[in-house]
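The values are calculated or read from the model by the stated rules, or taken from the named source; none is laboratory data. Fair warning: this is a prediction, and the values are worked out from it, not measured in the lab. In this analysis, Cβ positions are derived from the backbone assuming ideal geometry, glycine residues included, and neighbour counts consider all displayed protein chains. Side chains are part of the model used for accessible areas, which takes the heavy atoms of the whole protein and leaves out ligands, DNA and RNA. Shrake-Rupley method; radii C 1.70, N 1.55, O 1.52, S 1.80 Å.
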Amino acid sequence: MALEPDISKTIFHDYHVAAGGKMVPFAGYLMPVQYSEGIMQEHLHCRDRAGLFDVSHMGQVIVKGEGAAKALEKLMPVDLQSLAINQQTYATLTNEQGGVLDDLIVTRWTEDTFFLVVNAGCKAQDIAHIRKHLPYLEITYLADRGLLALQGLEAKDVMAELVPEANTLVFMNGGHASIDGIDVYITRSGYTGEDGFEISVDPADALALADILLAFESVNWIGLGARDSLRLEAGLCLYGHDMDQQTSPVEAGIIWSISKSRRAGGANEGGFLGADMILEQIASGASKKRVGFLVDGRAPVREGAEIIDEVGTVVGVITSGGFGPTLQAPIAMGYVPTELSAVGTQLNALVRGKPRPITVTKMPLVPQRYFRG
Amino acid sequence: MSEAVYTEDHEWLLIADGVATIGVTEFAQEQLGDVVFVELPELGAELSAGDEAAVVESVKAAGEINSPLNGTVSAVNEALVESPDLLNSAPQTDGWMFKLSLADDLDASKFMSSDEYQQFLVSND
């Protein structure tokens, strides 16, 4: 396939190729969809051992300025003013219509400094959006900085040898640390449902850090394919697929990401883009909802498949779907009318014109194993 | 026993006594990745060349297998239903997909020999 002329490579590109990575264009980057082991083995390896993900394509952005917490709260329905230093939160950047421009992780570095990790495909838009609404804040995009995620049951064992204090972090907290003399910022977070860490590193040290991590027998590279099946089993949204500018956080089933203080009756109610719409939906309910599905049989039901009711009327659409290697079964998520969203509801998805039975199920499908102390 | 011939769609055919045994090549299985589901044609189905005959679903993607010839499906490899991974581990032996009782005399010139197929893979790399 012809590569787009402006496609980027992360600093780890040559490592992926050397590890047998099958490189594909993704959000403007050439990224490994899988390595020689294949998606199934990589997925299982990550759950059982330790998976190393290059997520350097994601946007690492520092936002700084007096009153930055309060200012950023205009763009995301979370309580940043109460966030402790080195604590992080999942958040959405909302638009005027109550839709979602992007989802991101926000970490408070200092009183007035926040570190944002945003989706690769949204970073230019996100930076422009923040700049437009909050022109008095200083925005620094760390274009070349490396970001590695170490995820899975044995991730903590690797950290125990390299940087034991990392294991004192609880889920969604971070801190500056040194690994073999390399300055890093480590958070206990990830996108697999497993306990794990994300490590932000200066480009000059990035390859050395990867060498240190890959020296552990338990650590293997994991590609985008397994990243997708891991997050799907963990019930996590993929922006642009399970959530977009036309869906609200309420419809996406992530009301939990909206801080209590920003909801009706909260100390800091509303005051973010799309608040009227979103608070109204929290109060009265949304007409559609994202749900998880178990799929009968072994044939995967994929993104774009229509969901039909018992008389064949199209009632919804699958937004993510595939085979869950841990469950050894096909799984999916998608949107249905709220009255059809109860766990146990039986519907059908159209796969190549044929109805396949699907059942609304509780998410996550594979229990999350975050370390909460 | 005759030698397998190949198509540009990365199928192999082993043709004997007017019956073609059809499957996908090693290259195709590598491209597909871990196969989790195979939908085979119905016994007795009459297929024209180019008709969708089977579907192979891997962890990440779905691929269609089109019939390379006109004919009637005379056998399907039921083992693939229970063990779709045979398509990864033995694509050109135990992972065969279906047999086609050919409607016409074979025109072998539309297929590639093993050597020609290898050349084709190299030139398309």
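Below are the figures for this structure:
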item: Gained length - A:Arg352 relative to A:Tyr136, 0.36 nm times residue gap less alpha-carbon distance; result: 72.5 nm
item: Mean Cβ count within 10 Å, highest first, over the residues of peptides A:26-35, A:339-348; result: A:26-35, A:339-348
item: Most to least packed among A:193-201, B:68-76, A:125-133 [average Cβ atoms within 10 Å]; result: A:193-201, B:68-76, A:125-133
item: Normalised alpha carbon radius of gyration of chain A [divisor 2.2 N^0.38 Å]; result: 0.98
item: Kirkwood Rh (inverse of mean 1/r, distinct Cα pairs), the stretch A:73-120, angstrom; result: 11.1 Å
item: Pairwise label distance in nanometres, B:Glu26 with A:Asp6, each label 7 Å out on the Cα-Cβ vector; result: 4.2 nm
item: 1.4 Å probe accessible area per residue over the stretch A:276-371, in Å²; result: 46 Å²
item: Distance (nanometres) between label positions extended 7 Å along Cα→Cβ at A:Phe26 and A:Glu165; result: 3.2 nm
item: Residue-level accessible surface for B:Asp85, protein heavy atoms, 1.4 Å, Å²; result: 90 Å²
item: For the stretch A:109-206, convex hull of alpha carbons as volume per residue, Å³; result: 116 Å³
item: All aspartates and glutamates inside 19 Å of A:Lys260 as judged from Cα atoms, apart from same-chain residues fewer than 8 positions distant; result: A:Glu73, A:Asp79, A:Asp103, A:Glu251, A:Glu269, A:Asp276, A:Glu280
item: Sorted peptide list for A:159-168, A:218-227, criterion being average Cβ within 10 angstrom, highest first; result: A:218-227, A:159-168
item: Straight-distance crosslink candidates among lysines, where the alpha carbon sits under 24 Å from A:Lys64 and sequence neighbours closer than 8 are dropped; result: A:Lys74, A:Lys123, A:Lys132
item: Solvent exposure, largest accessible area first (probe 1.4 Å, DNA, RNA and ligands not counted), of B:Asp104, B:Asp9, A:Asp79; result: B:Asp9, B:Asp104, A:Asp79
item: Convex hull of Cα atoms in the stretch A:287-365, direction-averaged projection (nm²); result: 4.6 nm²
item: Inter-label distance for B:Asn70 and A:Thr313, nm, one decimal - labels placed 7 Å from Cα along Cα-to-Cβ; result: 4.6 nm
item: Reachable aspartates and glutamates from B:Lys110, criterion Cα separation under 14 angstrom, eight or more residues apart if same chain; result: B:Glu8, B:Asp9, B:Glu11
